[in-house]
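Undergrad: Below is the structure I would like to discuss, written out as structure tokens.
The values are calculated or read from the model by the stated rules, or taken from the named source; none is laboratory data. Predicted model only: the values in this text are computed from it and were never measured. When we count neighbours, we look across all protein chains shown, and the Cβ atoms used for this are built from the backbone with ideal geometry, even at glycine. Calculation scope for accessible area: heavy atoms of the full protein, side chains included, ligands and nucleic acids excluded. Shrake-Rupley method; radii C 1.70, N 1.55, O 1.52, S 1.80 Å.
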Amino acid sequence: MPQIVSAKFLAPNIKRFDIYSPKIAQKRKAGQFVIIRIDDSGERIPLTIADSDSKNGTITIIVQGVGRTTMELNMLEAGDTILDVVGPLGKPSEIEHFGTAVSIGGGVGTAIAFPTAVALKEAGNHTMSIIGGRTKEFVILEDEMRKVCDEVYVTTDDGSYGKKGFVTDQLNELIHKKKIDFVLAIGPIPMMKAVAEVTRDKNIRTVVSLNPVMVDGTGMCGGCRATVDNKTVFVCVDGPEFDAHKVDFETLERRNRTYRKDEIVGIEKFKCESEKAFLTELDFGLS
């Protein structure tokens, strides 16, 4: 079973893992993802490969603990093992020499945007990055982005770090100052939709990476279907990246809310189980 080589929190509930998986490390390309299962009873969750080290045989994933499985995953530490790590899955990012390319990451979306920003730079683009977070503590990978991008801009909703406002405010400012040829936006659905509206009438090529409900990663289950250009696509095999101006964000958001009640029940159950386990361990230690 793949072993966790290192584990470190980057922000509240956001953790970086380096996992030993040499075959995936050698083959993965920007934009691709893996599907992970912690144990036999666990669900399968898709996670973008943020980076890899083919020499050491590791891949990097960055996980936000928002549901039961991601919370369980974030409890693991270096030396622990994961039952399944399947990949690389999905189509790689389409990398070209566009000219000036802007990579936008909202929250943990920065981890997904990072590998594509690296590839865009390697292709000879003038690369800019806009990193957004609710507050300063939710801004991640700023140093890593600065190493691969020509320009980096940081925004926070509350103004606690960087520029106060949203990533779209910074994007609008850049568009009025410079000729932008390509935009990649990854983050919450409302953010990606807002970026698409900013660039639509300016005819700037804009791509988003979608993260719908996904189970098998092969297109067989149909859980990850989305509507793009009025056609049904399966994100795990047709994507995960699509033309932002053709994505039906309303339908995507509705589908992503389908199991929200079940997720809340699962989270509450997990919290209760964790608390009971902690109290049992405490009682055992005191006895």
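Undergrad: Return yes when V237 is part of a helix (DSSP H, G or I), farther than 25 Å from H126 by Cα and either open to solvent by less than 60 Å² (accessible area, probe 1.4 Å) or not charged (D, E, K, R) (or both) and no when it is not.
TA: Numbers: part of a helix (DSSP H, G or I): yes; farther than 25 Å from H126 by Cα: yes; either open to solvent by less than 60 Å² (accessible area, probe 1.4 Å) or not charged (D, E, K, R) (or both): yes.
For V237, the condition - part of a helix (DSSP H, G or I), farther than 25 Å from H126 by Cα and either open to solvent by less than 60 Å² (accessible area, probe 1.4 Å) or not charged (D, E, K, R) (or both) - is met.
Undergrad: On to the next question. Looking at I59, I112 in this structure, which one is outside any loop (DSSP other than H, G, I, E, B), crowded, with 23+ Cβ neighbours inside 10 Å, of a type outside the set (G, A, S) and in contact with a helix residue (DSSP H, G or I) (Cβ under 7 Å, 6 or more places away or on another chain)?
TA: Working: I112 fails: in contact with a helix residue (DSSP H, G or I) (Cβ under 7 Å, 6 or more places away or on another chain).
Result: I59 is the single residue among I59, I112 that is outside any loop (DSSP other than H, G, I, E, B), crowded, with 23+ Cβ neighbours inside 10 Å, of a type outside the set (G, A, S) and in contact with a helix residue (DSSP H, G or I) (Cβ under 7 Å, 6 or more places away or on another chain).
Undergrad: Please go through the range 16-31 and give me each residue that is under 19 Å from A113 (Cα atoms) and either surrounded by fewer than 22 Cβ atoms within 10 Å (Cβ to Cβ) or out of contact with any Pro (no Cβ under 8 Å at 6 or more places or on another chain) (or both), ordered by number.
TA: Within the range 16-31, R16, F17, D18, A25, K27, K29 meet the criteria.
Undergrad: Would you confirm, using the coordinates I've provided, whether V5 is under 23 Å from A117 (Cβ atoms) and in a strand (DSSP E or B)? Show your work before the answer.
TA: Values: under 23 Å from A117 (Cβ atoms): no; in a strand (DSSP E or B): yes.
No, not satisfied.
Residues are listed down the side, and each one gets a yes or a no for (1) within 24 Å of K27 (Cβ to Cβ); (2) among the β-branched types (V, I, T); (3) without any contact (Cβ under 8 Å) to a residue 40 or more places away in the chain:
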site: A117; (1), (2), (3): yes, no, no
site: L120; (1), (2), (3): yes, no, no
site: M128; (1), (2), (3): no, no, no
site: E137; (1), (2), (3): no, no, no
site: I140; (1), (2), (3): no, yes, no
site: D143; (1), (2), (3): no, no, yes
site: R146; (1), (2), (3): no, no, yes
site: Y153; (1), (2), (3): no, no, yes
site: G159; (1), (2), (3): no, no, yes
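Undergrad: How many residues, within the range 62-90, are under 28 Å from D243 (Cβ atoms) and either part of a helix (DSSP H, G or I) or touching a Lys or Arg at 6+ places or on another chain (Cβ under 6 Å) (or both)?
TA: Total meeting the criteria: 3.
Undergrad: Filter the range 245-260 down to the residues that are crowded, with 18+ Cβ neighbours inside 10 Å and under 24 Å from V34 (Cβ atoms), then identify the one that is modelled with the lowest pLDDT.
TA: L252
Undergrad: For I59, are the conditions met, namely being touching a Ser or Thr at 6+ places or on another chain (Cβ under 9 Å) and in contact (Cβ under 8 Å) with a residue 60 or more places away in the chain? Let's see the steps before the verdict.
TA: Numbers: touching a Ser or Thr at 6+ places or on another chain (Cβ under 9 Å): yes; in contact (Cβ under 8 Å) with a residue 60 or more places away in the chain: no.
Here the answer is no, as I59 does not meet what is asked.
Undergrad: Let me ask another. Return yes when S93 is touching a helix residue (DSSP H, G or I) at 6+ places or on another chain (Cβ under 6 Å), within 18 Å of V208 (Cβ to Cβ) and either of a type in the set (F, W, Y) or not in a strand (DSSP E or B) (or both) and no when it is not.
TA: yes
Undergrad: So which residues in the range 34-56 are of a type in the set (G, A, S) and surrounded by fewer than 19 Cβ atoms within 10 Å (Cβ to Cβ)?
TA: Step one: list which residues in the range 34-56 are of a type in the set (G, A, S), which gives 41-42, 50, 52, 54.
Of everything in the range 34-56, those that are of a type in the set (G, A, S) and surrounded by fewer than 19 Cβ atoms within 10 Å (Cβ to Cβ) turn out to be S41, G42, S54.
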